[in-house]
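Take a look at the structure below.
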Amino acid sequence: MADRMAFLTTARAERERRDAQERLGDWREVYRPGALLPVVGGQAGRCMDCGLPFCHSACPLGNLVPEWNRLVADADWRAAAARLLATNNFPEFTGRLCPAPCESACVLAIDGAAVTIKNVELAITDRAWEQGWDLPQPPERADGRRVAVVGSGPAGLAAAQQLTRAGYATTVYERADRPGGLLRYGIPPFRLEKHRLDRRLDQMRAEGTAFRTGVCVGRDVAAGELRAGCDALVVAVGAAACRELPVPGRGLSGVHQAIDYLTWANRVDEGDLAAPPVSAEGRHVVIVGGGDTAADCLGTALRQGAASVTQLDINPRPPAGRAPGQPWPVHPKVYRETTSHEESGAAEAGPRVFAATTVGFEPGPDGRLAAVGFAEAEPADRSPRAGTERSIPAELALLALGFTGPEPDQGLITQLGLATGPDGALARDDGFATDAPGVFVAGDAGRGQSLIVWAIAEGRAAAAAVDRYLRGDTELPAPIGASARALTL
Ligand SMILES: Cc1cc2nc3c(=O)[nH]c(=O)nc-3n(C[C@H](O)[C@H](O)[C@H](O)COP(=O)(O)OP(=O)(O)OC[C@H]3O[C@@H](n4cnc5c(N)ncnc54)[C@H](O)[C@@H]3O)c2cc1C
Ligand code: SF4
């Protein structure tokens, strides 16, 4: 039995990363392989097994954190894997990529360092795969009814896996040539190596989920026809409409949306392209934006050999600790350095400029982008402060300004008669149902740009809603109810 007072004697220890310079020479994940297991038992032992585990309620999936922390501390890895997989279809993705609201809400974080919940999760899932404990779970009985899922990001995949396991003949339709959504073509391989996604897809195929890739529903297949040919339909098409920056020079050659740039780099990694059509190699690069997508552009540009990379973030630099309005257990907006920022420091690549609003893209004599103009942003309305304008040389500018909702022109929305909310997201009720009978919405398509953990949670909840619609009742777990759905992160 592990020491239950270990939080008093054991300091929080993070997962070891490879040297930043070494990382820049390849596209493999940034963490040192095998460096996690030796420390994680002791880290899990720091968990106090709280009577009211705030970590559990802060997780959109309702992960059973204290349970698997205790099992890992007691070295019962197999039982820990079973508890983890009971609430999360894809812990190998969240264990690597989640911002971990559970850690912000950990009781130890009130006045100290949270349990390294995410690392424990990752150690459990990697071990479960290694030991063959995360096996395909084909249904015991086929239901005979058919469900179509449109979109194969984490929301569509989670919904499909739950529905297949419940006995429905489930087909996932994906317009791209490979399934995975943003896990495949958005997030770079240095944060998620794609063999991990392929392994999960193989498991889903072995369970009976069918995939039809290269099919854009609404264009290649009429959405009404698809709905008529199945018993229920889940729309999980993401929120791929990019936010624009309507400033002078936006149309110049050399200014690109970040997601296009990241997709090209991922296609090189997949072996589809010998070289990206747009590369940062030898160029001065400006990234406009301050979130995950911007950080992924930074890591990608550095690996491509950019001459310099400057990041312009319109928001002021966040405080180092919790602001008074964001007390524990809220997931706070604090200054964070991603692994890409760590690499940027090591490569002396360029500054990260806060409270900077981009005012225009300037052409050179050849008509291509030569500089990016920006100014200090007024705190009140983020407008440019007069007299602070300056420009920096750039041959490549990447717009990482977030997403506004599902793309408007794909046909699917109008063909199914789906309504959109004022924010552009697809309207659904608290049970994930739309006004079209038997049509449900999950993930970023309904919630707006969000997180993988929310996409998985919504996929699971939408699957439970489909099961209830078709059978009148469900035993599938639905992590998110009406009230929780309103929470945002
Ligand atoms: C660069 C980047 C980095 C990110 N990093 C993180 C991170 O570190 N951690 C985190 O938690 N979140 C991160 N996110 C957010 C996260 O990836 C998304 O919230 C999540 O992928 C949403 O899942 P989804 O299934 O709703 O949609 P998506 O992953 O967008 O998948 C939607 C799928 O639907 C398909 N589709 C669309 N229309 C049709 C159609 N008509 N017919 C057929 N298929 C269609 C699309 O091709 C796509 O494959 C990141 C996002 C980006 C862009
Ligand atoms: S809040 Fe922290 S200490 Fe308490 S059960 Fe959760 S992980 Fe353990």
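Here are a few things to note about the model shown:
Each row is one residue, and each column tells you yes or no for (1) at pLDDT below 95; (2) out of contact with any strand residue (DSSP E or B) (no Cβ under 7 Å at 6 or more places or on another chain); (3) basic (Lys, Arg); (4) outside the structural domain of ASN88 (by TED's automatic domain parsing).
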| residue | (1), (2), (3), (4) |
| --- | --- |
| ALA123 | no, yes, no, no |
| GLN137 | no, yes, no, yes |
| ALA166 | no, yes, no, yes |
| ASP177 | no, no, no, yes |
| GLY180 | no, yes, no, yes |
| TYR185 | no, yes, no, yes |
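- Counted residues, the range 14-47 - those being open to solvent by 30 Å² or more (accessible area, probe 1.4 Å), modelled with pLDDT under 95 and assigned to a loop (DSSP other than H, G, I, E, B): 5
- Yes/no for PRO188 being within 14 Å of ligand 1 (Cβ to nearest atom), assigned to a loop (DSSP other than H, G, I, E, B) and on the phi < 0 side of the Ramachandran plot: yes
- Within the range 132-185, if we keep just the residues that are charged (D, E, K, R) and within 16 Å of ligand 1 (Cβ to nearest atom), the residue that is most open to solvent (accessible area, probe 1.4 Å) turns out to be ARG175.
- Set ILE124, ILE110: member being open to solvent by 10 Å² or more (accessible area, probe 1.4 Å) and of a type in the set (Val, Ile, Thr): ILE110
- When restricted to residues that are open to solvent by 40 Å² or more (accessible area, probe 1.4 Å) and either part of a helix (DSSP H, G or I) or on the phi > 0 side of the Ramachandran plot (or both), the range 203-221 contains 4.
The values are calculated or read from the model by the stated rules, or taken from the named source; none is laboratory data. The shown structure was predicted, so the numbers you read here are calculated from the model rather than taken from an experiment. Every residue, glycine as well, gets a Cβ built from its backbone with ideal geometry; the counts of neighbours run over all protein chains shown. With ligands, DNA and RNA removed, areas are computed over all heavy atoms of the protein, side chains included. Shrake-Rupley method; radii C 1.70, N 1.55, O 1.52, S 1.80 Å.
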